Amino acid sequence: VTDRTEELAVTNLELQKERDQTKQYLDIAGTVIAILDNDGYIELINKKGDEVLGYQPNELIGKNWYKTCVHQKDRANYIKLHNDIVYGRVEPNQIVIGDVITKGKEIRTFIFHKTFFKYDDDKTSGVLFSAEDITELKLKEKELIESKEKADESNRLKSTFLANMSHELRTPMIGILGY
């Protein structure tokens with residue numbers, strides 16, 4: 001029994017060391033990386049995820065991602081996609097853009113790259129995703145669209161003005177030229 005206990009202790013230490021090393025690798029990534037179990041509960045989230053979402057390290061572990069971080073308007077679609085990935089109804093590597101809610105209740109827009117996650121038993125164990133905060137890009141995109149719409153409206157008004165001025169100038173000139 002003692003040999004088996006020592007063997008398990010060594011195995012547990014090796015697993016803990018490997019897990020800590022993997023977590024360290026994930027923490028230096030410049031994007032949010034998380035693993036959700038089959039029911040959507042957070043098993044792992046890297047340091048960047050905690051920072052962007054405004055949480056302390058490990059504060060999100062064990063919480064349901066969809067109830068905690070996903071905006072209500074997107075929640076049903078995200079849960080459906082999660083289940084579709086877990087049960088193999090869609091191809092992995094799905095790309096989704098949606099809103100998330102930070103701890104401070106700020107709404108941020110993320111682009112997600114989602115795929116299934118498997119442990120050694122080759123059975124789907126959940127969803128692995130990476131995400132980038134594109135809130136600033138979406139705001140710039142909105143500003144550009146608004147600027148283009150204003151420019152198009154200005155161009156339309158200019159064309160209307162020139163057409164009217166041309167008509168107003170031509171009308172008296174026709175009489176003069178005809179005389």
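The values are calculated or read from the model by the stated rules, or taken from the named source; none is laboratory data. Here the structure is a predicted model, which is why all the values come from computation and not from measurement. Because the Cβ atoms are built from the backbone with ideal geometry, glycine has one as well, and the counts that use them run over all protein chains shown. What goes into the accessible areas is simple: the full protein's heavy atoms, side chains included, and nothing from ligands, DNA or RNA. Shrake-Rupley method; radii C 1.70, N 1.55, O 1.52, S 1.80 Å.
Annotation note: Cβ proximity below 6 Å between a residue of region 125-138 that is closer than 12 Å to P92 by Cβ and a residue that is modelled with pLDDT under 90 and among the hydroxyl-bearing types (S, T, Y) (sequence gap 6+ or interchain) occurs for L128/T115.
Can you confirm whether G62 is modelled with pLDDT under 90, small (G, A, S) and part of a loop (DSSP other than H, G, I, E, B)? No; evaluated as a whole, the condition is false for this residue.
Set side by side, the residues E149, E141, E168, E106 differ, and just one is modelled with pLDDT of 80 or more and either farther than 30 Å from D84 by Cβ or crowded, with 16+ Cβ neighbours inside 10 Å (or both), which is E149. Just checking, does region 68-87 include any residue being out of contact with any strand residue (DSSP E or B) (no Cβ under 6 Å at 6 or more places or on another chain), assigned to a loop (DSSP other than H, G, I, E, B), open to solvent by 50 Å² or more (accessible area, probe 1.4 Å) and more than 30 Å from D20 (Cβ to Cβ)? Yes, because at least one residue in region 68-87 is out of contact with any strand residue (DSSP E or B) (no Cβ under 6 Å at 6 or more places or on another chain), assigned to a loop (DSSP other than H, G, I, E, B), open to solvent by 50 Å² or more (accessible area, probe 1.4 Å) and more than 30 Å from D20 (Cβ to Cβ). I'd like the full set of residues that are outside any strand (DSSP E or B) and either of a type outside the set (G, A, S) or without any contact (Cβ under 8 Å) to a residue 40 or more places away in the chain (or both), limited to region 88-113. G88, R89, V90, E91, P92, N93, T102, K103, K105, E106, listed by residue number.
For region 46-67, name all the residues that are closer than 12 Å to V100 by Cβ and open to solvent by less than 10 Å² (accessible area, probe 1.4 Å). Those that are closer than 12 Å to V100 by Cβ and open to solvent by less than 10 Å² (accessible area, probe 1.4 Å): G49, L53, L60, W65, Y66.
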